[in-house]
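Some notes on the structure that comes next.
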Amino acid sequence: MSGHGKESFISRFVFSTDHKVIAIQYLITGLLFLGFGGAMALLMRWQLAFPWQPIPFIGHLLFSSSGGFLVPEHYPMLFTMHGSIMVFFAITPILLGALGNYSIPLEIGAQDMAFPRLNMMSYGSLFLGSVLITISFFMPGGAAGSGWTIYTPLSSSTTTSIGWGQDLLILGLALDGVSLLMGGINYITTIVKLRARGMSLRRLPLTTWGLFFSAVLNTVWLPLVVAALIMVLCDRRLDTAFFTAGPLAPRGGGQALLYQHLFWGFGHPEVYILILPVWGLVGDLLSVFSRKPAFGYAATVISMSTISVLSGVVWGHHMFTSGMNPLVGKAFMFLTISISIPTAVFFLNWLATLWRGSIHFTTPMLFALGVVFVFAIGGLTGLYNAVQTIDVYIHDTYVVVGHFHYTLAASVLFGAFAFIYFWFPKIFGREMNSFLGKLHFWLSLVLLNAVFFPMILVGLRGHMRRIADATGYTFLQPVQNLNVWMGWAALFLVGSQLIFFINFIVSLFAGRKASSNPWNAASLAWTTSSPPPPENFEVVPSVYRGPHEYSAPGSGDRDWMTQSERGSSATTFAGKETAVSVPVTSGKLGIWVFLVSEIMLFTGFIGSYIVLRLGNPVKISGLQVLNIPLLAINTGVLLTSSLTMALSLRAVQMRDYVNLRRWLLLTAGLGSLFLMIKFFDYLHMWESGFTISSNLFGSCYYLLTGFHALHVLSGIVVILCLWFASRKPAFWTVAEGRVEGSGLYWHFIDIVWVILFAVLCLI
Amino acid sequence: MHETKSNVGLASYIWVFAGLIFLTALEVLAVSADFSKTAVLLFLLGTVAAKALLIALFFMHLKSEKWWVWLLPALPVLLSILFIFALFPDIVYHAAQTFEHRI
Ligand code: HEM
Ligand SMILES: [Cu+2]
């Protein structure tokens, strides 16, 4: 501790690279936005219960211009920002950011994340994003209003009432995406590389498994939506037409449906990204508080991984009514329903864990059991949505809103609370009040059913989603009293969260001091002090057993054994099951994981171009408009730079640092030459009238090559940094890894160009 | 030993580079010649795959990596191809049809 004591407040709490501090930053950000999103939910429910009535107390503060009540434009802004904030800036920071950052290194016995500085930047990026979306409320024209799905063409047209708020939301989400990618790279690398001795994969806590799968899904699917959002931004501000057609795109255009595919290609995995850590956490908590090993550990992990894979191929169930090809819809239906098989497997494992356990109803256990209960409702209602023929009727009604609030606002949120109540003593060294915790649980459980179940009921009566006033429809008049009911219930639900906030803040300062293992839990995190020292463990732990050693014979007068206890019981597998040592450096693994996300990003762009171009009745080929000889020469330039980059790695391997610097400089020079030629190519074409908004081909050409050029530029910057650093002999010890990593990135950019040259220029 | 290994590296780098330039030249020749569209398309598919593989195998050293390092780029590439094909029914074949046709 002493070393840290001398640091200033700024370097210790703001620009910290300690995963524990970063986790707290995420937690606080997430909780603030949770409150913010909850307040917006209340405004919506007020409006639905008492349409166009002045909002009591705060109406004049918020909506002074309109006289204290909502006007029709406000409602879309409210549900858009409520949804986006809840998903991306409340739940994600709490579960991935805070739970992920805090628990991963402690549970696997590491000192920190694999890339602490990247971790700091990851939070920084989320922070910038959250600033942007906060500012977006104050933009002329107000906040974004096209739904959390940002569907085109509504979102991509600036002629609608949607103004700069929409652009800021898109930028904010893109920054959040970057933050999650950096986090994903870190989580994956950390879990693969930094496990303590003996921490084999079969000994990882289920929480860590859940976070791992969630990070994998993030790295793979998130780039798709980032690509889509960038294209929406181009449609809005650069006059392209990737996602618009018909009268909105006079020069011929793209397709709105493509956006939906890209969005849900990520959007569906996203719901699993959120719930996988919760499933893992619940699996662990049920075991801790039943004092029994988790039933079917391996089966649970296998079903979680199966679900992760399947989650990537079911996105079309959000688009059954979009006019998509019905045959494709059928495939998506079957795939979606098949997810219920692995889901049922681990669900039964949960129940079997509880079976004949000695159950301790602590606050985190109550929330974990709450997840089991509400997830059953959420999951079962999901099955109905998945059936094409039923979805035609319930799509865009409150049945859907009810369903996803049971999964997101109930299951995932309860998971978030279970996390906070369980980990609070470890994080802050103090215990939360358990009476208030239980009160919070019971009130929330009752009230959230009081809010979300009627949603399903009114939905079955045909109550549309995203309408501000149901009283105008005769067929909805019988259910208006339910809207009033939901309004009151929501008020009490949000109000009862104050109990949590008070408990949180008071416990922070006045809670009972926590011991290192207040729950008698067995995983590694509970073997170190609360809060843990800066390096997490006084002694680097070795692992001898699985994470759920409860009530095992041989544990003496206690009913548990921690993972790092050697013990003498038969359950000690040391030697047989030691951690696999992974023969690749963290840096290299990190770069490869990064390249995975880059591949998917370019899939978003190149894939869109391919299908749009093939589907476009107007046939334009690069051969007709582009300067092929010049571009071919430029290809040669970039290929040469790959050779020089390869030669710089060879120079490092031969300890020839003079030539290393020459080759690096030459690589950067060739990269710059490539950019210069590119620039003149652009200039020439633009002057001859071929611009980004000329036609679909022009839009794709400038977008794809422009994005590639940005990658080249960042590659040049990295290489110049290496060149600069390699002056000093101190750098030489790490030179090989750095040069190799930058080389991988550089060659990857080269491959992208090879593909672009063919698909854009030659076909 | 280091020395010899790296010298082998040098020769293969140069050969790979020459191959890349050669394939690029072939691509440009192929599109300027008078072949059928499908033939050119298939040919380009081949050259692009060959070039990408050359870079990945030799410049990015995938050739000497463990099998599971291969998985890292292979899986997303596979997913990408699947994803793009999944878009065909909706985006490629639907586009030419008008709204009335769909109903
Ligand atoms: C106090 C609890 C909450 C209440 C009363 C509530 C209420 C609502 C209401 C009234 C809507 C608008 C429905 C419509 O008009 O179509 C909505 C939309 C939504 N909510 Fe909540 N919500 C709550 C918590 C949450 C949480 C915790 C999450 C996420 C984790 C969430 C995610 C969403 C999403 C994604 C939408 C869709 C937005 C859109 O249509 O674009 N909500 N919620
Ligand atoms: Cu889905």
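Readers should treat all values here as calculations from the given coordinates under stated rules, not as data from a laboratory. Here the structure is a predicted model, which means the values were calculated and not measured. Cβ placement follows ideal geometry from the backbone for every residue including glycine, while neighbour counts extend to all protein chains displayed.
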**OP:** Provide a whole-number value for the mean count of partner chain Cβ atoms within 10 Å of the Cβ atoms in peptide B:77-88.
**Re:** 6
**OP:** Counting only C-alpha contacts under 8 Å and six or more residues apart, can you give the relative contact order of chain A as a whole percent?
**Re:** 14 percent
**OP:** Could you please rank A:R512, A:R662, placing first whichever residue has the fewest other Cβ atoms within 10 Å of its Cβ?
**Re:** A:R512, A:R662
Original post:
Which pairs break 22 Å Cα to Cα here: A:K438/A:K513; A:K728/B:K63; A:K20/A:K513; A:K193/A:K588; B:K37/B:K63; A:K193/B:K66?
Top reply: A:K728/B:K63; B:K37/B:K63
Original post:
Around A:R430, which amide H atoms from residues at least 5 apart in sequence, or from another chain, sit under 5 Å from its own amide H, with H modelled in the peptide plane?
Top reply: A:A514
Original post:
With θ set to phi - 60° and the Karplus curve 6.51 cos²θ - 1.76 cosθ + 1.60, what are the ³J(HN,Hα) couplings of region A:175-184 in order, to the nearest whole Hz, using x for Gly and Pro?
Top reply: 5, 4, x, 4, 4, 5, 5, 4, x, x
Original post:
Once phi is turned into ³J(HN,Hα) by the Karplus curve 6.51 cos²θ - 1.76 cosθ + 1.60 with θ = phi - 60°, what whole-Hz value does each residue of region A:145-156 show in order, with x for glycine and proline?
Top reply: x, 10, x, 5, 7, 6, 5, 8, x, 4, 6, 8
**OP:** Can you work out the PRE-style zone for A:S322? Point 7 Å along Cα to Cβ, and I want the residues of region A:221-243 with backbone N under 17 Å.
**Re:** A:221-233, A:242-243
**OP:** Would you mind working out the magnitude of the charge dipole of region B:1-65 relative to its Cα centre, with +1 at each Lys and Arg C-beta and -1 at each Asp and Glu C-beta, to the nearest 20 Debye?
**Re:** 80 debye
Original post:
Where does the longest stretch of chain A lie that holds no GluC sites (Glu not before Pro) found in a DSSP loop with 16 or fewer other Cβ atoms within 10 Å?
Top reply: A:74-534
Original post:
What is the average number of partner chain Cβ atoms found within 10 Å of a Cβ in B:14-27?
Top reply: 4
Original post:
Quick one: which of A:691-701, A:164-174 comes out on top by average Cβ neighbours within 10 Å, and what's the full order, highest first?
Top reply: A:164-174, A:691-701
Original post:
Sorted from fewest to most neighbouring beta carbons within 10 Å, what does the list A:I10, A:I58 look like?
Top reply: A:I10, A:I58
**OP:** Could you line up A:T149, B:T38, A:T219 from fewest to most neighbouring Cβ atoms inside 10 Å?
**Re:** B:T38, A:T149, A:T219
Original post:
Considering amide H positions built from the backbone, and no H for Pro or chain starts, which residues 5 or more places from A:W560, or on another chain, come under 5 Å of its amide H?
Top reply: A:S551
**OP:** With a point put 7 Å past each Cα toward its Cβ, work out how far A:A730 is from B:S64 in nm, to one decimal.
**Re:** 3.0 nm
Subject >> Estimated 222 nm signal from helices in the protein assembly as shown, with DSSP H stretches of n ≥ 4 weighted -39500 (n - 2.57), rounded to 500 >> reply: -22000 deg cm²/dmol
**OP:** Calculate the mean, over all residues of peptide A:609-615, of how many other protein chain Cβ atoms lie within 10 angstrom of the residue's Cβ.
**Re:** 5
Original post:
Of A:A249, A:P531, A:G402, which is farthest on the positive side of the dipole of chain A, counting Cα position, with +1 on Lys and Arg Cβ, -1 on Asp and Glu Cβ, and the Cα centre as origin?
Top reply: A:P531
